[in-house]
Structure formats: C-alpha cells, structure tokens
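I have placed the structure first, in the form of structure tokens, so that the comments after it can refer back to it.
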Amino acid sequence: MRKLLITGANGQLGNELQMILSAGKASIGPIDPAWARCEVVPTDVAELDITNAEAVMDFVRAGEFDAIINCAAATNVDGCETKPDFARVLNADAPANLARAAAAVGATLVQVSTDYVLAGTDPMPQTEEAPTAPVTVYGSTKLAGERAVEELCPRHFTLRTAWLYGTRGKNFVRTMVGLGRTHDSITVVCDQHGSPTFAGDLAYEVLALLGTEAYGLYHCTANGATTWDVFARRIMADAGLDCEVKPVTTAEWNADATRPLWSILDNKHLRDTIGDSMRSWDVALDEFMRDNLASL
Ligand SMILES: NC(=O)c1ccc[n+]([C@@H]2O[C@H](COP(=O)([O-])OP(=O)(O)OC[C@H]3O[C@@H](n4cnc5c(N)ncnc54)[C@H](OP(=O)(O)O)[C@@H]3O)[C@@H](O)[C@H]2O)c1
C-alpha cells in the first residue's frame with residue numbers, strides 16, 4: 001500500500017485533500033484508486049513543523065513515504081510584508097527541507113505555489129513559460145520555494161494556483177457570506193482579475209499528477225476568469241443574500257502589499273500531459289455554495 005504524507009494538513013488544501021482521499025472521489029470525479037487506498041499521514045505544525053530541517057528528515061526517513069504533499073505556507077500576503085523573515089523560513093526554507101528529505105528516500109514531492117510569482121501586469125493568461133517577477137514578499141519567498149524544490153528533488157510537481165477557497169479556513173467566500181449576512185452593502189475591488197479556484201478541484205489534480213511521472217511545473221486554476229466584485233456578487237446570489245456589492249478600484253483600496261491586477265493562469269502543461277479537468281470557476285462555486293452554505 002502506498003504511503004502519503006500531507007504537511008499543513010489543517011489548511012484549506014490539506015483539508016480538501018483528506019476529504020477526497022477518504023471519499024475516493026472529488027467533485028470532478030473519482031480519484032486514482034491507488035491513492036484512494038493509500039495510507040495517509042496528515043500532519044500540521046503540531047505534528048511536524050516543516051521549518052525544522054532535522055525533524056523533517058527524521059520524520060520522512062522513519063515514515064518510508066512514497067509521496068509528500070506540502071500544503072503548508074505563510075499565505076497571509078499582507079502579513080508576509082510585515083514579517084519577511086517568517087515568510088522566507090516557511091515559504092522558501094521549509095520546502096527545501098522537504099525536498100532534501102524526499103530526495104533522500106526517493107519520494108515524490110508536491111509543492112504548491114502561486115500566481116504571485118509573476119508580475120501580474122499582463123492581461124493575457126500566463127503559461128508556465130511566462131517570466132517570473134514577484135513584487136511582494138509572499139511572491140518572492142514562494143518563488144524561492146519553487147526553485148529549491150526544483151533544484152533539490154528531481155521527482156517533484158509544483159502546482160501554481162490562485163484565489164483559493166475551500167470548506168475549511170479563512171477565505172474570500174466565507175468572508176463575503178459573513179459580510180452579506182450583516183451588511184446591506186459592501187465595497188469590493190473591481191479591477192483585479194483572476195480565477196477563483198476550489199481547493200477540492202486542485203486536490204483532484206494533485207492526485208491525478210501523482211499517478212504519473214510527468215514531473216515539473218504546472219499552472220492549476222479554475223477555468224475562466226473574473227474580478228473580485230463579480231465573484232462577490234455571485235457568492236451573494238448563491239447564498240440568497242440581499243447585499244449590494246459596490247465596486248472600488250485597487251488604487252482606492254488600502255492594502256499593505258501590492259496586488260496583481262492580472263492573475264490569470266493558463267493550465268497549458270496540464271492540458272498537454274494528463275488533460276485539464278479543472279471546472280469553470282462559476283460552476284465550481286455554485287456547487288460549493290449549494291453543498292456548504294449551511295456551514296459558512
Ligand atoms: N489561499 C490562497 O488564495 C492561495 C492562492 C495561491 C496559492 N496558494 C498556495 O496554496 C497552498 C495551500 O494554501 P492554503 O490556502 O490551503 O493554506 P492555509 O489554509 O493557510 O493552510 C496552511 C497550513 O499550514 C500550516 N502551517 C503553518 N506553519 C507551519 C509549519 N511550520 N509546519 C507545518 N504546517 C504549518 C498552517 O497552520 P496555522 O493555520 O496554524 O498557521 C495551516 O494549517 C499554499 O502553498 C499557498 O501558498 C494559496
């Protein structure tokens with residue numbers, strides 16, 4: 001039986017991964033039976049602090065894992081600006097720890113990255129060949145993490161995603177539902193473009209890739225693109241909430257970190273290898289809202 005280590009398992013992606021592994025299927029479809037029957041070892045910082053290189057090496061050696069999926073990261077973009085050392089240790093040094101350990105035992109490593117490694121100024125959907133040019137601490141530390149994994153662990157998959165939401169944890173969907181229940185109107189940024197991505201769909205693609213040896217870098221977001229305010233209006237409509245969403249520009253909005261205006265990724269490498277099964281952002285959102293509204 002295969003053995004799978006999940007780090008950062010209590011986060012959005014880690015949680016969805018555990019759910020589809022135990023169900024044997026995701027919203028997109030059934031998962032690879034070899035992974036559905038595998039032994040899963042979910043860990044978060046209490047069980048395995050991935051910033052501790054020695055602990056990571058010991059844990060991975062003792063566990064005899066076939067694969068490691070790293071779902072842990074410093075994901076608070078503004079928080080990374082104010083705590084750059086913390087961001088570097090978790091987003092860059094920790095993936096290096098995992099990559100060294102995975103390589104030492106011949107395990108495959110999945111690293112998850114972000115559209116923030118790109119400059120975010122090009123309106124065209126960006127393939128994996130697009131030049132990287134991060135403008136935030138979050139983006140530059142995540143790019144360093146990508147590079148460490150590429151350099152240290154030949155058997156790796158790096159999936160860049162964006163605008164992630166799931167059933168657990170803090171995310172835009174949950175925030176909008178909360179605001180919609182308590183406000184008649186809210187303002188939401190209208191000039192940033194991206195693809196809201198359900199973490200369960202990303203988890204499906206992670207496991208689909210893990211069944212192959214097509215190692216490398218992949219863009220993996222929902223298909224289609226929108227803006228935060230249109231996304232917010234769809235959430236309000238799906239939730240049956242009568243809350244007006246008023247548009248505001250990025251310039252008018254006051255955030256610590258620069259936000260990319262254009263975050264549209266093209267899942268080209270997926271299409272060219274296993275096929276792109278990611279759903280349209282609105283189709284995935286509508287189903288997510290139907291299934292989870294009561295717990296949001
Ligand atoms: N969220 C997005 O919109 C988004 C967009 C693009 C890419 N991504 C990438 O997608 C991946 C998954 O994101 P996510 O939203 O699922 O993340 P998340 O919900 O923030 O979960 C991260 C998890 O890692 C844990 N963690 C923190 N420090 C750790 C440590 N030292 N050792 C082990 N675990 C630790 C966190 O615990 P605590 O909560 O206790 O800190 C949390 O449970 C990340 O690589 C992220 O960069 C996310």
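Which FRET efficiency, nearest 0.05, do Glu151 and Met124 yield, Cβ-Cβ r, R0 25 Å? Walk me through the numbers before you get to the answer.
On the way: r = 29 Å, r/R0 = 1.15.
Working from the Cβ atoms, E equals 0.30.
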Inset, instruction - Report, for the chain, the % of DSSP beta bridges that are antiparallel, rounded to 5. - result: 10
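Classify region 237-290 from the C-alpha gyration tensor, please: rounded if a/c falls under 1.5, else prolate or oblate depending on whether a/b exceeds b/c. List each step's numbers first, then the result.
Values: a/c = 3.92, a/b = 1.29, b/c = 3.05.
Oblate, since a/c reaches 1.5 and b/c is not below a/b.
How many times 2.2 N^0.38 Å is the alpha carbon radius of gyration of the chain? Could you put the intermediate results ahead of the total?
Values: Rg = 18.5 Å, N = 296, 2.2 N^0.38 = 19.1 Å.
It is 0.97.
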Inset, instruction - Give me the net charge of Tyr215's neighbourhood, meaning all other residues with Cβ under 10 Å from the Cβ of Tyr215; Lys, Arg count +1, Asp, Glu -1. - result: -1
Inset, instruction - Using only the Cα atoms of region 128-275, build the gyration tensor, take square roots of its eigenvalues as a ≥ b ≥ c, and label the shape rounded, prolate or oblate: rounded if a/c is under 1.5, else prolate if a/b is larger than b/c, else oblate. - result: prolate
Inset, instruction - Filter the trypsin sites (Lys or Arg not before Pro) in region 1-82 to those in DSSP coil with at most 12 other Cβ atoms within 10 Å of their Cβ, and list the result. - result: Arg37
Inset, instruction - Taking amide H positions as placed in the peptide plane 1.01 Å from N, state which residues far from Val188 in sequence (5 or more) or on other chains have amide H under 5 Å from it. - result: Lys246, Val248
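With Cβ to Cβ distances under 9 Å as the rule, what net charge do the other residues near Tyr138 carry (K, R +1; D, E -1)?
Numbers: positive: Lys142; negative: Asp78, Glu81.
The answer is -1.
Every number here is computed from the coordinates shown, using simple stated rules; none is lab data. Bear in mind the structure is a predicted one, so any value in this text is a computation, not a measurement. Don't worry about glycine lacking a Cβ; one is built from the backbone with ideal geometry, like all the others, and counts go over all protein chains shown.
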